Structure formats: C-alpha cells, structure tokens
Amino acid sequence: MSQNVMVTGAGKKVGLGFNLVLRYLERGDTVVATVHKMNDGLAELQKTYKDKLIVLTMDIKDSKSVEAAAAELRNKIDHLDLIVNNAVSVSPDCDKGFFDANLDYIARTVDITAVGAMRVIKAFFPLLKKSGMTALIMNISSEAGSISKCYRTAQIDYGMAKAALNMATMNIWNTIKDEHKVNIFCVHPGWIRTDGREDNPAPLSSYEAAGILQELFESRREDFEGHRFITNEGEDYPF
Ligand SMILES: NC(=O)c1ccc[n+]([C@@H]2O[C@H](COP(=O)([O-])OP(=O)(O)OC[C@H]3O[C@@H](n4cnc5c(N)ncnc54)[C@H](OP(=O)(O)O)[C@@H]3O)[C@@H](O)[C@H]2O)c1
C-alpha cells in the first residue's frame, strides 16, 4: 500500500535524508522532502517523480517556519503515514573536548536536533492523525545519544542533542501511546558514509542504510509494546 512519507533534512544528496526520500519514491510513495532551501539534487528528482515529490522549505529552529510549512502541506495532501526526523546540526567545536569546546554553541545544536524534531511532530501531528493506518514517527537518533553507553570525550553537543531527542521521544510516547493511533521510536541508523567519501570506513552507504531503515520502520509500525530506542538491526539500545 502506498504511503505519504515526510523526511526532514533531505537536502544533502549523499546524506541519509535524501536517500530515504529516493527509496520511498522508488517504492511509489508520495514523499515530502523538507529542506532549508531547494537544491539541485531534489530538483533533479522532481524531474523524474514530478508531483510524487513535494519539497517543503522550513527552518526547524523556528516554530513559525515549521507551522507555516505544515499549513502549506495541508493544502497539498490530506494525511501523513510516516515522519522521519532526520535533520541534524552540530557546532563547529563538535570534535573538541570539554576544556576546549565553546560551550555556548551547545544550545543551538540541541535546539535544532531535538527541539526541532519536537516542533515538527507538533505541527504535523494533525496530518498523522488522519492516516488510514497506524501512523509512525521515526526520530533518527544515534548510539551517541545513549547516556548509559557513553564513552566519548568529544562531540558533547551532538551527544547531548541526541540524548535530548531520546528523552523527547519517550515523553511524546507517554503522551500518545494509549490511543494506538500514532507510534514513535528513536533509531540509531547504523554507521553510514553520509559524507559520501570513499575513504570513510563506515560500512553502509546512505542508500544502503535507507533501504535497511525502510524495512525496519514497517516492521515496527504496529509495535506498541517494545523498547523505544532501537538500532537499524532491530535491536533494543539502552537509553
Ligand atoms: N553518519 C552516521 O554514521 C550516523 C550515525 C548515527 C546517526 N546519524 C544520524 O543520521 C542522520 C543523517 O545524517 P546526515 O549526515 O545525512 O545528516 P546531515 O546531512 O548532516 O543533516 C541533515 C540535514 O539537516 C538539515 N538541517 C540542519 N539544520 C536545519 C534547520 N535549522 N532546519 C532545517 N533543516 C536543517 C541540513 O540542511 P542544510 O544543509 O540546509 O543546513 C542537512 O541537510 C542525522 O540525524 C545523524 O545524526 C548518522
């Protein structure tokens, strides 16, 4: 059955978001790709997939921008079956350790990566509720967001943002779970060559990772019992 799918942060051709968009288009779904601004990669896809691809522009740091994008989408489609919160942003000091990083950068990373996903869920929730199936929210998290497994001394902003996204996932889950109408998970998507570089040792291309996630998402759509933080291999991951 074809779906209406929305993926945030879909602008980078070698990135996970763009490749999720491509995978769902290849499956015959209607796909909403959200970006900061339109780019050549999505313009190319639009030539092939025409009105099956809707490109929405929004800044997830700004509630008004997200609400305006949701209003625009309500004029184009009547429901959503899946939202993938994929957008992320890290600070210029991401690779520095605690004593060297400018701590004033951290709030912006958390605001975009965690609160941004929350803004998206809130604004687009009415469209999810109109799905004819159990609608699904998949928050792309990271093993870096696990507090209990934390081993890093750098990437503080990134880890904090993903941990915050995980907390948001649990809070929203508690809010919506009893209705059994919309389901939600946070997902570690695997180690992926999202920079598109051949010398990147990560085992998965973004296109491969997107295919694996696509299957995982469908396998969890009706799962209202299991752990909320899962890996691309379908395993539970500790918060
Ligand atoms: N690569 C891995 O091995 C790995 C591992 C674990 C988790 N992940 C997760 O997988 C996801 C995809 O990774 P990626 O490298 O493909 O992501 P990415 O390209 O770095 O980020 C995705 C998009 O987020 C958008 N974005 C940033 N700030 C935004 C804002 N304020 N409003 C709207 N969009 C904004 C960016 O758009 P602009 O370019 O226009 O700013 C960017 O295209 C991320 O959530 C990442 O944390 C990756």
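Brief remarks on what is shown
- Furthest towards positive pole of dipole, 172, 18, 125, structure part segment 4-231, Cβ charges: 125
- As an equivalent ellipsoid, segment 137-199 spans semi-axes of 26, 16, 8 angstrom, where each value is the square root of five times an eigenvalue of the C-alpha gyration tensor, largest first.
- Summed over all non-identical Cα pairs, the Kirkwood treatment of segment 188-239 gives a radius of 12.0 Å.
- For segment 4-231, averaging the sequence separation of C-alpha pairs within contact (under 8 Å, six or more residues apart) and dividing by the residue count gives a relative contact order of 20 percent.
- In the chain, the longest principal axis of the Cα atoms and the axis of helix 16-26 are about 20 degrees apart.
- Ranked by how many other beta carbons lie within 10 Å on average, peptides 187-200, 213-226, 32-45, 14-27 from highest: 14-27, 32-45, 187-200, 213-226
- When the Cα atoms of the chain are aligned to their principal axes, the ranges along those axes come out at 49, 42, 36 Å in descending order.
- Flagged links, alpha-carbon separation over 22 Å, of 47/129; 12/52; 12/96; 13/129; 52/130: 47/129; 12/96; 13/129
- FRET efficiency, 1/(1 + (r/R0)^6) with R0 41 Å, evaluated for residue 98 and residue 75 via beta carbons: 0.30
- Sequence-separation-based contact order of segment 176-239, relative, with Cα cut under 8 Å and 6+ spacing, percent: 37 percent
No lab work stands behind these numbers, since they all come straight from the coordinates. Everything numeric in this text was worked out from a predicted model, so none of it was measured. FYI the Cβ positions are ideal-geometry reconstructions off the backbone, even for glycines, and counts take in every protein chain you see.
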